[in-house]
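Take a look at the structure set out below.
The values are calculated or read from the model by the stated rules, or taken from the named source; none is laboratory data. These numbers come from a predicted model, not from an experiment. Positions of Cβ are backbone-derived with ideal geometry, glycine not excepted, and every protein chain shown enters the neighbour counts.
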Amino acid sequence: MPDIRVVNLTKKYGKIYALDNVSLTIKDKEYFSLLGPSGCGKTTLLRLIAGLIEPDSGEIYIGDRRVDKDPPEDRDIGFVFQTFALFPHMTAWGNVIYGPKVKNYDQKKADTIGHEVLDLVKLNERLNAYPSELSGGMMQRIAVARALAAGAKTLLLDEPLGQLDAKVRNEIRYEIRRMAKDLKLTSIHVTHDQAEAMSISDRIAVMKKGKIVQSGTPQELYMHPNSLFVAHFIGESNFLEGYITETNEHTEVELREGLKVKAINPGIKREERVILAIRPETCDMKRGRATTEDGLLGKIEKVTFEGTVVRYEIRLENGDRMIINRPSLAEKWIEIGEEVTINYPIEKAHLFVYPEAGLTEEISV
């Protein structure tokens, strides 16, 4: 199966850049996700690769072949839409073998392909059902089967689980990945759901305002975000504003009201205004005030039970707020109003230069 490359791809609508000079490579047999908020350009990029719209400039390659001037039917691509897009007047069987028939396969070959893909999506027993007689999860599996039956070498999925309820969505996402991997397809999955992208992707490209801001494995994006936006959009982060006061072995950052914390410096100059990003689940929190100078002191302001975790909102002594997530079954919950001491692993915190546009604008979606 082929690599997919886009080179300096741009698409404008009037004065608005839906896609702004984007270059990207999706590897052979890779399950790749485009992740970002609504309007970031991820669906535009997918439709350009599919040939449903034309770029204003740039190049698209599938394998060694340049395809940005080719019609969709010549790109060996299967496209799965968010809204299922099944033919309502056709049964599941009719929908699945539509592609082979359009390609003028003989009846025996079309039937063989139809049964193979329906067996792959575990719906052979519903081949005579119409879309209106199927659940949302079944309809999406039929949509995938139809794409596969048409001989797709590349599978493009545009928010394929957006119409499904949470329980079904969690099941189907793993099924789609399994099918793509079993068939050794190169797959591109568009979503705005972080958990969905993190759980099924080999690699992810995070997009904002028509650009790719970072790409990498789920672990790389989560553990080593390259920007405040990624630190905010992938998972959750506490953001503490301050200035660098020392740049020795461990950089010292002075927060509001003279509160000092430590961080690993990626090369930011002394006296530079910075933001320290700390993941809520990396922190250790103990009741009461620490007997040493280590740790951030604060009081619990809000406690929220979220199933597997308890979410604590803490007001630090200097007025800053932090969120800490703790396993809900690990210990007795800490009560509102209790004093706590918070410690965080320096190597898992991230230091960024304060953005010119301000923090709110930088992390906005």
Output yes when any residue across segment 21-29 is assigned to a strand (DSSP E or B), assigned by TED's automatic domain parsing to the domain that holds Arg178, touching a Ser or Thr at 6+ places or on another chain (Cβ under 9 Å) and on the phi > 0 side of the Ramachandran plot, and no when none is. yes
Taking segment 227-262 and the residues there that are in contact (Cβ under 8 Å) with a residue 40 or more places away in the chain, of a type in the set (D, E, K, R) and not in a helix (DSSP H, G or I), the one that is farthest from Glu317 (Cα to Cα) would be Glu236
Under 7 Å between Cβ atoms, at least 6 apart or on separate chains: pull out the pairs that start in segment 41-56 with a residue that is farther than 18 Å from Asp74 by Cα and end on any residue that is of a type in the set (Gly, Ala, Ser) and outside any loop (DSSP other than H, G, I, E, B). Gly41/Ala18; Thr44/Ala18
If Ile142 satisfies every condition in (1) of a type in the set (A, V, I, L, M, F, W, C); (2) surrounded by fewer than 23 Cβ atoms within 10 Å (Cβ to Cβ); (3) over 18 Å from Tyr31 (Cβ atoms) but one, which is the exception? (2)
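So which residues in segment 199-225 are among the hydrophobic types (A, V, I, L, M, F, W, C) and at pLDDT 95 or above?
Selection gives Ile204, Ala205, Val206, Met207, Ile212, Val213, Leu221.
If you check Ile342, Ile334, Ile314, Ile324, which single one turns out to be in contact with a Phe, Trp or Tyr (Cβ under 6 Å, 6 or more places away or on another chain), surrounded by 15 or more Cβ atoms within 10 Å (Cβ to Cβ) and either of a type outside the set (S, T, N, Q) or not in a strand (DSSP E or B) (or both)?
Ile324
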Residue among Val7, Val67, Val80 that alone is buried (at least 22 other Cβ atoms within 10 Å of the Cβ) and either farther than 30 Å from Pro131 by Cα or not small (Gly, Ala, Ser) (or both): Val80
Kindly indicate whether Lys11 is outside any helix (DSSP H, G or I), in the same structural domain as Thr186 (by TED's automatic domain parsing), closer than 30 Å to Tyr98 by Cβ and touching a helix residue (DSSP H, G or I) at 6+ places or on another chain (Cβ under 6 Å). yes
Residue that is farthest from Asp158 (Cα to Cα), among those in segment 189-245 that are hydroxyl-bearing (Ser, Thr, Tyr) and buried (at least 19 other Cβ atoms within 10 Å of the Cβ): Ser237
Polar (S, T, N, Q) and touching a strand residue (DSSP E or B) at 6+ places or on another chain (Cβ under 8 Å), is that true of Thr282? no
Leading residue by the ranking (nearest to Gly136 (Cα to Cα)) among those in segment 147-175 that are part of a helix (DSSP H, G or I) and out of contact with any helix residue (DSSP H, G or I) (no Cβ under 6 Å at 6 or more places or on another chain): Arg169
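Of all residues in segment 90-104, count the ones that are among the polar types (S, T, N, Q) and in a loop (DSSP other than H, G, I, E, B).
So the count comes out to 2.
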Could you look through segment 272-297, keep only residues that are assigned to a loop (DSSP other than H, G, I, E, B) and modelled with pLDDT of 90 or more, and pick out the one that is nearest to Pro327 (Cα to Cα)? Cys283
Quick check on Lys103: is it over 25 Å from the mean Cα position of the chain (by Cα) and basic (Lys, Arg)? yes
Got at least one residue in segment 152-172 being in contact with a strand residue (DSSP E or B) (Cβ under 6 Å, 6 or more places away or on another chain), at pLDDT below 85, in the same structural domain as Thr44 (by TED's automatic domain parsing) and small (Gly, Ala, Ser)? yes
Filter result for Asp106 (of a type in the set (Asp, Glu) and either within 25 Å of Pro2 (Cβ to Cβ) or crowded, with 21+ Cβ neighbours inside 10 Å (or both)): no
Out of Leu118, Leu24, sole residue that is more than 18 Å from Ser187 (Cβ to Cβ) and under 31 Å from the mean Cα position of the chain (by Cα): Leu118
